[in-house]
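J.: Have a look at this one.
The values are calculated or read from the model by the stated rules, or taken from the named source; none is laboratory data. Predicted model only: the values in this text are computed from it and were never measured. Virtual Cβ from ideal backbone geometry, glycine too; neighbours counted across all protein chains shown.
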Amino acid sequence: MTRKILIADDEQNIVISVEFLMKREGYAVSVAADGEEALTKIRAEKPDLVLLDVMMPKKNGFEICQEVRADAALAGVRILMLTARGRDTEVAKGLAIGADAYMTKPFSTRELVEKVRELLG
Amino acid sequence: MRLGPGRKLVLAAALCALAIAGLIWVTVAVLHLTADASGRDTAAVLVLIWLLASGGAFAALRPLADLILRAPMQLAEETRIAVGDSGRRVRPVGGPELSAVAEAINELAARRQALEEDVAAEIARAQARLEADRNRLAALMAELQQSVVVCNLDGRILLYNQRAREVLSAGAGSEPVGLGRSLYAVFERGLIAHALDQVGRRLRAGETAACELVTATRAGRLLRVHLAPVAGEAADDGAAMGGFVLLLDDITAAFETEGRRDALIQSLTEGGRGPLGNIRAAAEMLSAYPDMGAEERGRFLAVIRSEVEGLSARVAESAREYARELTARWPLEEMRGADLIAAAAPRIAERCGLPAKTEEVDESVWMKVDSFSFLQVLCYLSRRLRDEYGVNEVRLALSAEGDHACLDLAWLGTAMSTETVMSWELDPMRSAGEETPLSVREVMERCNGEMWFQRKRASHRAYFRFLLPLAQARRPQAAAPGGARGSRPEFYDFDLFSWSEKSHVLDDRPLADLTYTVFDTETTGLEPSNGDEIIQIGATRIVNRRLLTHEVFDQLVDPRRPLPRASVEIHGITPDMLVGQPAIGAVLPAFRAFCADTVLVAHNAAFDMRFLQLKEAATGIRFDLPVLDTLLLSAVLHPNQESHRLEVIAERFGVSVIGRHTALGDAYATGEVFLKMLPLLADMGIRTFGEARRAAEKTYYARLAY
């Protein structure tokens, strides 16, 4: 069965690459361009993994992460947070509120693929 | 022949002896006769003879009494006068013995006079030294870049400098910093108390006592405060504090600069992550999947292109920002370009013997420049032009171009090679007599500017062009209020050290010890109860019998009603001057704060007070301060004078009135008159506030009502 991945990021320039990459890796990919859309799609599609950007319009990644973790129906959704901010306090916060992994931009796409595999493995 | 007192004495004594001998002889003769003839009237004759003899003796002894008794008394009186006035001498009276005493007294008086003169000279010298010290202190304080405030233990300010006033002032015509004022109008009492506790503890422990704190003033400035104790009179533990010094640094700007620099770094590092991430991902896709279609490849390339463009712009912006920050680190002055040129021209003429003319100068140009080094650059280049190219005149011009000021040092004729310009730029300027190892290049870098050589073939002109960063044009600084009245501001008064909060009841306090706010108002008319309003309030302060002409309140007020033509003729305030001025409701709180803890003094105070009191209900500001009236005090001093108008009594006291019928001008005059009144009142036995108040109440004028 094909694993489903949701890319939640408002930055088109990263979405292009990550979407291409994940498709090439054989995943079913959908995209959300802001926080609210992301949450709606998580609820509707129940993806196996969300690649979640922190800084997004309408709802930020931390809020989405907390809402997903508060919803028992979404217990199976894994979350990999992607952020352009490298402060370790933020990493700690993301992991504390329930993200499964955290990657800081600029990241290596190879590492991203490995991390995704690991999370879905 | 005149007889001296000594001879008179001998003669009188001889006469007395002769008279007594005669008397005895006559008595014996009479007794002898009565024994012979048993006469009847013997007793009567004897009485007569004795009476005559007594009279004779009295007459003879009178000069003697004069000599022995009167002359010493005279001498005593004169001596007493001489005791009171060391310039006086006694006149010799009486005999030579007394004359000798008088001489001795005069010698004593002369010695004393000499001694007194020595002491007076010594005091005068000491006072001159003290005055010189004070002047030096005042000059030092004025020049100090740091803000200094000295307070006694009650937090009363007894010294401050101009910088401190700038840093601490809250604007709006109010004057939070002033001699004798409470520091706690500016700082929280608890904060200072805490710092003083710390300092006291350290003092007792024998440690370095100063302490540092950072605080925000009520006006919103961020200050670093260095608080150090001022030694008081030595106590038993040897560590008494008499007051404290505050050194203030306004770190608001530094804080902002640091904040900006942080933001800059932040935007470079953190802000770069996103775009870099996008580029990296796209690039890795391109290299990892060479099999992708042309359309996909195009999309990835587009991502890289746009992100790289974005990053380049960001880096360029950061570099500009950083350059601005760098400039801020050098001690660059903001200076009017025209002023710099005005300084440069005579300097070039004098140092290089080269006439320097000024061409077109844009007066509006302000620039940031290290003016000292830059003037050296201009002189250095001029000198080399003269020495090496025989240039006999240079011209200076100034214009603005974009973000920069263009200053041209131009001459006629000779062009020069790029190599020459380069070497002039890089040589230490010492080579042409300027005392600095810096090169032109270094100075220009320091000023964040550029310079190059250029030439206009058509006009045969060559010039060095200097590009210097523009500064925001600064508004001309308002002259210090009251600055015209005496050049040295009264910024300190160490006598305030001995002040104490534990003041006596006001009535018992000497007039000379009180702090006064002398004020005056200009109004639309004379009937406050009939709608007339205040249009100007001017006030100054008296502390320790000194008129503090630099601590003033000077505020126009929009009366919110038309200004009668007749009143304009008196005060000269026209309606257009009142446009945009605050209304009385906004002015009175600031004025009340200015008056805090003082006695109000005004000429015909009842009039001004009536205006203030009529506003109490509307503003909630109560002027419940004690009041003295110079009009009433004038009536106390000179009850027989016809007029007690301010200009009349000012003339009577020899006070010149500058700016009569401006509120501040009249307040100054009132204050000076009041100070002249104090000693005269004291002569009348009126020394305390209570005595002055009671005396004033008794005068006729006190019964007038408004």
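J.: So which residues in segment B:537-553 are part of a strand (DSSP E or B) and among the charged types (D, E, K, R), if there are any at all?
T.: Once the filter is applied, which keeps residues that are part of a strand (DSSP E or B) and among the charged types (D, E, K, R), segment B:537-553 yields B:Arg541, B:Arg546, B:Glu551.
J.: While we're here: Return yes or no: is B:Gly87 in contact (Cβ under 8 Å) with a residue 40 or more places away in the chain, part of a loop (DSSP other than H, G, I, E, B) and over 24 Å from B:Leu23 (Cβ atoms)?
T.: Taking the combined requirement at face value, the residue does not satisfy it.
J.: Among B:Ala635, B:Ala695, B:Ala669, B:Ala617, which is modelled with pLDDT under 90, buried (at least 21 other Cβ atoms within 10 Å of the Cβ) and either in a loop (DSSP other than H, G, I, E, B) or in the same structural domain as B:Leu563 (by TED's automatic domain parsing) (or both)?
T.: B:Ala635
J.: Looking at segment B:638-654 only, could you name the residues that are surrounded by fewer than 20 Cβ atoms within 10 Å (Cβ to Cβ) and touching a helix residue (DSSP H, G or I) at 6+ places or on another chain (Cβ under 6 Å)?
T.: Of everything in segment B:638-654, just one residue is surrounded by fewer than 20 Cβ atoms within 10 Å (Cβ to Cβ) and touching a helix residue (DSSP H, G or I) at 6+ places or on another chain (Cβ under 6 Å), namely B:Phe653.
J.: I'd like to know if segment B:157-170 contains one or more residues that are under 18 Å from B:Cys595 (Cα atoms), in contact with a strand residue (DSSP E or B) (Cβ under 6 Å, 6 or more places away or on another chain) and not in a helix (DSSP H, G or I).
T.: Within segment B:157-170, one or more residues are under 18 Å from B:Cys595 (Cα atoms), in contact with a strand residue (DSSP E or B) (Cβ under 6 Å, 6 or more places away or on another chain) and not in a helix (DSSP H, G or I).
J.: Residue by residue through segment B:393-407, note down the ones that are surrounded by fewer than 23 Cβ atoms within 10 Å (Cβ to Cβ) and over 12 Å from B:Ala356 (Cα atoms).
T.: Selection gives B:Ser399, B:Ala400, B:Glu401, B:Gly402, B:Asp403, B:His404, B:Cys406.
J.: Only one residue in B:Leu588, B:Leu612 is more than 28 Å from the chain's Cα centre (by Cα) and surrounded by 13 or more Cβ atoms within 10 Å (Cβ to Cβ). Which one?
T.: B:Leu612
J.: Can you name the condition, by its number, that B:Leu326 falls short on among (1) at pLDDT below 85; (2) crowded, with 18+ Cβ neighbours inside 10 Å; (3) out of contact with any helix residue (DSSP H, G or I) (no Cβ under 8 Å at 6 or more places or on another chain)?
T.: Unmet condition: (2).
J.: So, in segment B:259-287, exactly how many residues are aliphatic (A, V, I, L, M) and more than 10 Å from chain A (Cβ to nearest Cβ)?
T.: Qualifying residue count, segment B:259-287: 4.
Residues are listed down the side, and each one gets a yes or a no for (1) of a type outside the set (Gly, Ala, Ser); (2) surrounded by 15 or more Cβ atoms within 10 Å (Cβ to Cβ); (3) at pLDDT 80 or above; (4) under 21 Å from B:Leu11 (Cβ atoms):
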{"residue": "B:Gly56", "(1), (2), (3), (4)": "no, yes, no, yes"}
{"residue": "B:Leu64", "(1), (2), (3), (4)": "yes, yes, no, yes"}
{"residue": "B:Ala71", "(1), (2), (3), (4)": "no, yes, yes, yes"}
{"residue": "B:Ala82", "(1), (2), (3), (4)": "no, yes, yes, no"}
{"residue": "B:Gly94", "(1), (2), (3), (4)": "no, yes, no, yes"}
{"residue": "B:Asn106", "(1), (2), (3), (4)": "yes, yes, yes, no"}
{"residue": "B:Val119", "(1), (2), (3), (4)": "yes, no, yes, no"}
{"residue": "B:Glu122", "(1), (2), (3), (4)": "yes, no, yes, no"}
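J.: Does B:Asp683 qualify as being under 30 Å from B:Arg560 (Cβ atoms) and at pLDDT 85 or above?
T.: Judged against the criteria, B:Asp683 is not a match.
J.: Follow-up question, since we're still on this one. Scan segment B:268-293 for residues that are part of a helix (DSSP H, G or I) and more than 60 Å from the chain's Cα centre (by Cα) and report the count.
T.: Total meeting the criteria: 13.
J.: Name the residue, out of B:Gly298, B:Gly310, B:Gly353, B:Gly390, that is surrounded by 15 or more Cβ atoms within 10 Å (Cβ to Cβ) and modelled with pLDDT of 80 or more.
T.: B:Gly310
J.: Shifting gears a bit: Determine whether segment B:553-574 contains at least one residue that is surrounded by 15 or more Cβ atoms within 10 Å (Cβ to Cβ) and within 30 Å of B:Pro510 (Cβ to Cβ).
T.: Yes, some residue in segment B:553-574 is surrounded by 15 or more Cβ atoms within 10 Å (Cβ to Cβ) and within 30 Å of B:Pro510 (Cβ to Cβ).
J.: Taking segment B:288-315 as the search range and keeping residues that are among the small types (Gly, Ala, Ser) and more than 10 Å from chain A (Cβ to nearest Cβ), which one is nearest to A:Met22 (Cα to Cα)?
T.: The extreme case among them is B:Gly293.
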